[in-house]
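First the structure, in the form of structure tokens, and then the observations on it.
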Amino acid sequence: MPDADERPAESEPAGLPPVPATVPQVPGPGASPAPPEPPPDGPRRRVSRRSLLTAGGLTVLAGGGAAAVALRDEDRAGTSAAIPFHGPQQAGILTPRQQHVRLAAFDFGARTDRGRAAALLLRWTSAAEHLVRGEAVPPELEPPGSRAADTGALTGTAPARLTLTFGLGPSFFDRTGLTATRPAALAPLPAFGEDRLDPARGDGDLFVQIGVDDAFVAAHVLRTLQRLAHGEAGLRWTMTGFTAADGRRNLMGQIDGTNNPDPAKALVTAPDAPEWLAGGSYVVIRRIRMLLDHWDTLPPGHREQALGRRAADGAPLTGGTEHTPVDLAAARPDGIPVIATNAHIRLAAPTTNNGATLVRRSWSYHDGPRPDGTPDAGLLFLAWQPDPRTGFIPVQQRLSRGDALSRYLVHETSALFAVPGGIRPGGYVAQALLEG
């Protein structure tokens, strides 16, 4: 999806008549408080799960991590599938998209250091191993000092293809004293010309994507993560999304995700990648409000020209079917390009962006009316890639300079996270980073 453009271009290229749109800006709140001074690095060594969960930090123990409960290959009778939590990649990147999603970011508390961050990620990892199988979280995982406990709300519910995918924000490395190990690709995203971002609903120390086919499960899993983070991290923001029954159309009526590359292209495979990131990915998250009340009034031909595809079947305006390659050189008898010079698919095409590709896995959202009566609805756009410097950033910079579709969109939130590689039984998220 493109960047937000609230004003029509001064001169509209041939093939797409101008249609103005005006949207109020989203005011930005005050700056976030500076993180505390990182603690000095102590000896780096492998530690057990028990030591982290009971002591809340990195301690000196000779023993290794306790073995995780083995995954069941078969589904329970009468329930939907359970997706394995362990593997070379975190589930939720290559997994077929589910019907519902909860995206959330957490910020560490003032006392959090490297050891306490490791304890939290171990606690979350251990809980996730049970949750994806449709099992209750064991009482021993409850954090010290917490009076809350699992209420059994998920008793009898199906796993519903639940996946939990965890990521680390740029600020994670400062808060844990690991600033020197932060990948260069995790530098904060640059500003894009027409962004209307609310900083309070972007960024964060930790990220989790909860994908599932049951919205009730998604809500309870998020509450579980909040409970297990007691005393260590608080919820910064959360967003809720859904897909169409066939998982294809967005709220503009467009077929979404056409010509997505092989999802494996989102994975970090560079030979010089740090151990903790190998097989992982980078994810850019953008909450994009659609100006649906305006969009719905446009002539169908104008909507199709803005995108460059037919609404009915997603085929390019140059002909064929949805997956027919776009002929960007095709012109009408009068010489005007069939695909307008500012059409979304032209500006986003890999051939016009030095081969940059994104694996898009997005959900729709609808959060009711805004104060002005217009719908607070749109797309939770997730772009997965091995390096945002050669993926999302150059594509978005090009789109922000005149994409026809962007005048009907407002980018309101933005975040970038590094998603560590897969988790082995007995390990936890980002263990190689925190103990390396």
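A few notes on this one:
- Top-ranked residue of region 249-284 - restricted to ones that are modelled with pLDDT of 95 or more and of a type in the set (Val, Ile, Thr), ranked as nearest to Ala136 (Cα to Cα): Val283
- Total residues in region 236-248, condition surrounded by 17 or more Cβ atoms within 10 Å (Cβ to Cβ) and modelled with pLDDT under 95: 0
- Selection count, region 168-212, where residues are within 24 Å of Gly109 (Cα to Cα), under 19 Å from the mean Cα position of the chain (by Cα) and among the β-branched types (Val, Ile, Thr): 2
- Any hit, region 121-131, residues being within 27 Å of Arg361 (Cβ to Cβ), in a loop (DSSP other than H, G, I, E, B) and in contact with a strand residue (DSSP E or B) (Cβ under 8 Å, 6 or more places away or on another chain): no
- Selection status of Ser400, of a type in the set (S, T, N, Q), in contact with a helix residue (DSSP H, G or I) (Cβ under 8 Å, 6 or more places away or on another chain) and surrounded by 23 or more Cβ atoms within 10 Å (Cβ to Cβ): no
- Scanning region 157-203 for residues that are of a type in the set (Ser, Thr, Tyr) and under 30 Å from Arg133 (Cβ atoms) yields Thr157, Thr163, Thr165, Thr176.
- In region 210-223 there is no residue matching the filter, namely being more than 25 Å from Trp363 (Cα to Cα) and aliphatic (A, V, I, L, M).
- Scanning region 177-196 turns up no residue that is within 28 Å of Thr95 (Cβ to Cβ), of a type in the set (Asp, Glu) and outside any strand (DSSP E or B).
- Considering residues of region 317-351 that are touching a Leu at 6+ places or on another chain (Cβ under 8 Å) and closer than 22 Å to Trp384 by Cβ only, the residue surrounded by the fewest Cβ atoms within 10 Å (Cβ to Cβ): Thr351
- Residue that is surrounded by the most Cβ atoms within 10 Å (Cβ to Cβ) [pool: residues in region 87-120 that are assigned to a helix (DSSP H, G or I) and out of contact with any strand residue (DSSP E or B) (no Cβ under 9 Å at 6 or more places or on another chain)]: Ala119
- Within region 232-257, being among the hydrophobic types (A, V, I, L, M, F, W, C) and either under 19 Å from Ala219 (Cα atoms) or in contact with a strand residue (DSSP E or B) (Cβ under 9 Å, 6 or more places away or on another chain) (or both) holds for Ala233, Leu235, Trp237, Met239, Phe242, Ala244, Leu251, Met252, Ile255.
- Scanning region 377-436 for residues that are in a strand (DSSP E or B) and charged (D, E, K, R) returns a single hit, Glu412.
- Enumeration of residues in region 231-265 that are over 25 Å from Leu416 (Cβ atoms) and in a strand (DSSP E or B): Arg249, Ile255
- Leu434 vs. criteria touching a Leu at 6+ places or on another chain (Cβ under 9 Å) and within 30 Å of Phe106 (Cα to Cα): yes
- In region 148-168, residue surrounded by the fewest Cβ atoms within 10 Å (Cβ to Cβ) [restricted to those that are among the β-branched types (Val, Ile, Thr) and in a strand (DSSP E or B)]: Thr163
- Tally of residues being surrounded by fewer than 18 Cβ atoms within 10 Å (Cβ to Cβ) and among the hydroxyl-bearing types (Ser, Thr, Tyr) across region 262-316: 2
- Residue among Val268, Val217 that alone is part of a loop (DSSP other than H, G, I, E, B) and either without any contact (Cβ under 8 Å) to a residue 40 or more places away in the chain or hydrophobic (A, V, I, L, M, F, W, C) (or both): Val268
The values are calculated or read from the model by the stated rules, or taken from the named source; none is laboratory data. Only a predicted model underlies this, so the values are computations on that prediction, with no experimental measurement involved. Quick reminder, even Gly has a Cβ in these numbers, built from the backbone with ideal geometry, and neighbours come from all protein chains shown.
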